[in-house]
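I have placed the structure first, in the form of structure tokens, so that the comments after it can refer back to it.
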Amino acid sequence: MMKKILLGLFVVSLLVVGSAMRVQAGETVYGLLYKDATEAGEGFGNSSAYKKGTATCKSFLALVALGDCSVNAAAKNGKIQNVTYYDIYTKNILGYKRVTVNAYGR
């Protein structure tokens, strides 16, 4: 009985993992069991970007999420004062999800 309950919880968590830690960005691709994709973020200006900052957060089975993967955190980590644009890299493998935001600017 306990094994069935745990299996049921695992299946439910896999179903919701696609929506866990969703980062705001136009169109997105979904990978319930596996995802390895970089998606475009938004541009904030026309100036050139020569600095890059990253910020990462992780989620486990959509039950526990850790980290700060905001554009502000990426800019701070790259010592960027004016963000030109950013992109979002997501890796999801069977319930373990890592989201990395790369901010570019000067």
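At-a-glance table
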quantity	calculated
Cα centroid separation, the stretch 41-89 to the stretch 92-106 (Å)	8
Nonlocal amide H pairs with Phe44, under 5 Å, H built at 1.01 Å	Tyr85
Set of lysines near Lys79 by C-alpha distance (under 27 Å), chain-local residues within fewer than 8 positions excluded	Lys51, Lys52, Lys58, Lys91, Lys97
Under 18 Å from Lys76, Cα to Cα: aspartates and glutamates that are on another chain or at least 8 residues apart	Glu42, Asp68, Asp87
Projected area, mean over directions - the stretch 59-106, Cα convex hull, nm²	3.2
Relative exposure of Ile80, Ile5, Ile93, judged by other C-beta atoms within 10 Å (fewest first)	Ile5, Ile93, Ile80
Size-normalised alpha-carbon gyration radius of the stretch 33-86, reference 2.2 N^0.38 Å	1.33
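Values quoted throughout were computed directly from the atomic coordinates according to the rules given, and no laboratory measurement underlies them. Since the structure is predicted, the reported quantities are computational estimates derived from the model, not experimental observations. FYI the Cβ positions are ideal-geometry reconstructions off the backbone, even for glycines, and counts take in every protein chain you see.
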